[in-house]
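Take a look at the structure set out below.
The values are calculated or read from the model by the stated rules, or taken from the named source; none is laboratory data. Computed from a predicted model, the values in this text were never measured in an experiment. We place every Cβ from the backbone using ideal geometry, glycine too, and count neighbours over all the protein chains shown.
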Amino acid sequence: MNAAARFEGPGVSPVFRARKLSKTYRMGEVEVHALRDVDLDIIEGEFVVLLGPSGSGKSTLLNILGGLDSPTSGDAQWRDHQLVGAGDAELTRYRREHVGFVFQFYNLIPSLTVLENVQLVTEIADRPLDPLEVLKLVGLERRIDHFPSQLSGGEQQRVAVARAIVKSPDVLLCDEPTGALDYETGKVVLAAIARANEQLGTTTIVITHNAAIAGMADRVLRLGGGRIVGETRNPRRLSAEEVTW
């Protein structure tokens, strides 16, 4: 079965569902419309790329789906969790129990080793994975006793990926995960994210301005001016090794 067919047809229901999502920021006398009436469905296990230039609404949409921000209007839910109108405690529990985040900057604790940085998350997780197995998944099993300062940027980002997935999240949200990396190390990080999606079944959303990364996705949503302006389903997902830019 090809990538598109896996997420189409009867019985396939979305885990994320958003309707008429809008977000307006006020900057002095100016209103900035970050999102405008966005409708979105994401299926369990999908690898989705949100593609668009800076200011297109990608990060705002990701932050709402991750329970880090709330829309000005509209509705969003994850399974039976209502994300719009939920209180701080409820959103904190949603993020802790269901969501893994990978950001452009790694935010590792410098005084902890690679293994300790990943183990720290397992203390607040309900169903954590084995930290050593997760570090093996991202190719860092030989670096577990090193500190962040002893790692390259790509290795630090792979620790951040491991830290995000060790709690066995239902969804992995990645905000420009290769933005601070060079070409070769960026591809290694993308391969680690793809393995988490393929081997663990984690629903994965990656936002990027790099159109080449879109080939790795099951589905690509293009954003512009706060709206979804296009959608593409890839008949075959490219591996990180096949992606060039």
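Whenever a residue of segment 106-133 is β-branched (Val, Ile, Thr), its partners that are loosely packed, with under 15 Cβ neighbours inside 10 Å, lying with C-beta atoms within less than 7 angstrom and at least six residues away or across chains, give the pairs 113/145.
Scanning segment 207-214 for any residue that is part of a strand (DSSP E or B), closer than 27 Å to residue 38 by Cβ and in contact (Cβ under 8 Å) with a residue 12 or more places away in the chain turns up at least one such residue. If you take the residues of segment 110-128 that are polar (S, T, N, Q) and in contact with a helix residue (DSSP H, G or I) (Cβ under 7 Å, 6 or more places away or on another chain), which of them is farthest from residue 170 (Cα to Cα)? That would be 117.
Return the residues of segment 40-56 that are crowded, with 22+ Cβ neighbours inside 10 Å and small (Gly, Ala, Ser); say none if nothing qualifies. Passing the criteria: 52, 56.
Just a yes or no: is a residue in segment 21-29 polar (S, T, N, Q), touching a Leu at 6+ places or on another chain (Cβ under 7 Å) and either free of Cβ contacts under 8 Å to residues at least 60 places away in the same chain or not in a helix (DSSP H, G or I) (or both)? Taking every residue of segment 21-29 in turn, at least one turns out to be polar (S, T, N, Q), touching a Leu at 6+ places or on another chain (Cβ under 7 Å) and either free of Cβ contacts under 8 Å to residues at least 60 places away in the same chain or not in a helix (DSSP H, G or I) (or both).
Of the residues examined, residue 79 is not one that is of a type outside the set (A, V, I, L, M) and farther than 22 Å from residue 205 by Cα. Note on segment 1-20: among residues that are within 19 Å of the chain's Cα centre (by Cα) and either among the β-branched types (Val, Ile, Thr) or modelled with pLDDT of 95 or more (or both), the one that is nearest to residue 206 (Cα to Cα) is 16. For beta carbons closer than 6 Å, sequence separation of 6+ or different chains, a first residue in segment 172-197 that is more than 28 Å from residue 97 (Cβ to Cβ) and touching a residue at least 24 places away in the same chain (Cβ under 8 Å) and a second that is aliphatic (A, V, I, L, M) and assigned to a helix (DSSP H, G or I), the qualifying pairs are 187/240. Given the criteria among the charged types (D, E, K, R) and within 15 Å of the chain's Cα centre (by Cα), does residue 133 qualify? Judged against the criteria, residue 133 is not a match. Only one entry of 244, 208, 232, 204 meets the criterion of being touching a Cys at 6+ places or on another chain (Cβ under 8 Å) and either closer than 20 Å to residue 63 by Cβ or among the hydroxyl-bearing types (Ser, Thr, Tyr) (or both), and that entry is 204.
All conditions but one from (1) of a type outside the set (D, E, K, R); (2) at pLDDT 95 or above; (3) closer than 21 Å to residue 42 by Cα apply to residue 82; the one that does not is (2). Among the residues of segment 10-51, just one is touching a Lys or Arg at 6+ places or on another chain (Cβ under 9 Å) and over 27 Å from residue 211 (Cα atoms), namely 12.
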